[in-house]
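Q: Sharing a structure below in structure tokens format, with a few things to ask.
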Amino acid sequence: MSGELNFYLVAVPAVIVLGLSKGGFTGLSSLAMPMLSLVTSPIRAAAIVLPVLIVQDWVSVWAFRRDFSPRNLIILVPSSMIGIAAGCLLAARVSEDAVRLAVGVISIAFVFYMILRDRLGLAAVDRPGVPGGVLWGSLAGFTSFISHAGAPPFQVYVMPQNLKPRVFAGTATMFFAAVNLIKLPPYFLLGQFSRDNLRVSAGLIPVAILSTFAGVWLVRRVDANRFYAIILVLTFLIGVKLTYDAVQALI
């Protein structure tokens, strides 16, 4: 099996996962980058995925244009710029194995957070606080920049508010659409938008659009509990593998 065929066998399902996430199944995006990192470097994978994400954003922003929390966005979007700036500095100075380790640890931490969240029974937060928003918004910007894995910090901050599902999905959509646009100049300065990377991105865009519409359709009709259980298992297994490979390379 050729390396390119192997790449697309993983990239197409990863883009479908991203589309379902953009369509409303927020959090599934944390699985896409670990999947791609199995067949290419995390930094190249992030560069390929960013144009795809922006196209998906156009679809999901239109779908959720009336369902989002303005206060959360006012707090989180400016805060994300702090993390994006830190991520830009880090990406220029660390090895690919270190980034791979970060992606693996983020994936594992996300799974544990999702498991513990249901057992903690946290009370709803009527008004999101500014200090927490700055912290989690910055972390979301940072993890989104290095691995497009900003969903876990975002969820830690927004989920305790017990927003309606469509408002939660719409707020996530608007937030990450803004973050992805903010990431464009740093990615360009880091030289990640090569002709080859953009060619791969363009080839994945039709799948991205269709899967995003599918996510919008499914979020209104499907009970996601069993679906999320499968995704969490896969995320954990991929995260463990990436972490193991990175540690072996770094020690």
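Q: Which one of Phe188, Phe175, Phe213 is exposed (fewer than 13 other Cβ atoms within 10 Å of the Cβ) and in a helix (DSSP H, G or I)?
A: Phe188
Q: Output yes when any residue across the stretch 150-171 is in contact with a Pro (Cβ under 6 Å, 6 or more places away or on another chain) and at pLDDT 85 or above, and no when none is.
A: Scanning the stretch 150-171 turns up no residue that is in contact with a Pro (Cβ under 6 Å, 6 or more places away or on another chain) and at pLDDT 85 or above.
Q: Here is a follow-up. Checking the conditions here, which among Val94, Val103, Val99, Val134 is of a type outside the set (S, T, N, Q), touching a helix residue (DSSP H, G or I) at 6+ places or on another chain (Cβ under 9 Å) and at pLDDT 80 or above?
A: Val134
Q: What are the residues in the stretch 152-170 that are closer than 19 Å to Gln56 by Cα, open to solvent by 20 Å² or more (accessible area, probe 1.4 Å) and among the aliphatic types (A, V, I, L, M), if any?
A: The answer is Val167, and nothing else.
Q: Could you check Leu232 against (1) modelled with pLDDT under 80; (2) more than 29 Å from Ser79 (Cα to Cα); (3) assigned to a helix (DSSP H, G or I) and say which number it fails?
A: Tallying (1) modelled with pLDDT under 80; (2) more than 29 Å from Ser79 (Cα to Cα); (3) assigned to a helix (DSSP H, G or I), Leu232 fails exactly one: (2).
The values are calculated or read from the model by the stated rules, or taken from the named source; none is laboratory data. Model, not experiment: these values are computed from the prediction. Methodologically, a virtual Cβ is constructed for each residue, glycine included, from the backbone with ideal geometry; neighbour enumeration extends over all protein chains shown. Surface accessibility is based on the protein's heavy atoms, side chains included, excluding ligands, DNA and RNA. Shrake-Rupley method; radii C 1.70, N 1.55, O 1.52, S 1.80 Å.
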